[in-house]
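What follows is calculated from the coordinates using simple rules that are stated; it is not laboratory data. None of the values given here were measured: they were computed from a predicted structure. Here Cβ is always computed from backbone atoms with ideal geometry, including for glycine, and neighbour counts include all displayed protein chains.
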Amino acid sequence: PGDEVAERDGVRVRVVSARHDGRRLPFGPHRSPALGYVVEGASRTYFAGDTGLFDTMAEEVGPVDVALLPVGGWGPYLGPGHLDAERAARALAELAPAAAVPVHYGTYWPIGMDAVRPHEFHAPGEEF
């Protein structure tokens with residue numbers, strides 16, 4: 001991260017850090033590095049990859065117009081290496097993009113959670 005750059009036709013892609021252990025359970029113990037990308041051209045877009053909030057995120061990423069952040073997982077509170085709705089809102093406050101897109105492939109809506117604690121999902125989303 002930081003030194004990895006690809007450039008073509010006025011578009012530059014820079015590799016940045018992400019915070020995730022890289023495991024893909026239950027499929028096996030295989031790990032891959034956790035990475036994010038900043039795409040720079042007429043605008044700057046940050047694709048965070050699979051990550052949690054970390055202290056140097058905004059500094060390492062730099063100013064961006066659009067941030068694609070992985071929000072969610074299997075419940076309203078997630079452990080290290082993930083952005084639950086609250087931490088995603090904090091990341092956005094630090095990054096201060098003009099626009100944000102919440103993304104996360106394989107996100108699960110916990111069965112019954114909407115009836116038990118809907119505020120855990122909706123309140124941070126309003127901030128997002």
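Details
- For GLY49, nonlocal amide neighbours, meaning residues 5 or more places apart or on other chains whose placed amide H falls under 5 Å from its own, are TYR37.
- Note, ³J(HN,Hα) from phi for segment 51-61, Karplus 6.51, -1.76, 1.60, rounded to Hz, x at Gly and Pro: 8, x, 6, 9, 4, 9, 4, 4, 5, 5, 6
- ALA42 versus VAL103: modelled label distance in nm, points set 7 Å from Cα along the beta carbon direction: 1.9
- The residues neighbouring ALA58, those whose beta-carbon lies less than 15 Å from its own, together hold a net charge of 0 under the Lys/Arg +1, Asp/Glu -1 convention.
- Packing-based ranking, highest mean first, of 5-16, 38-49, 54-65 given that Cβ atoms within 10 Å are counted: 38-49, 54-65, 5-16
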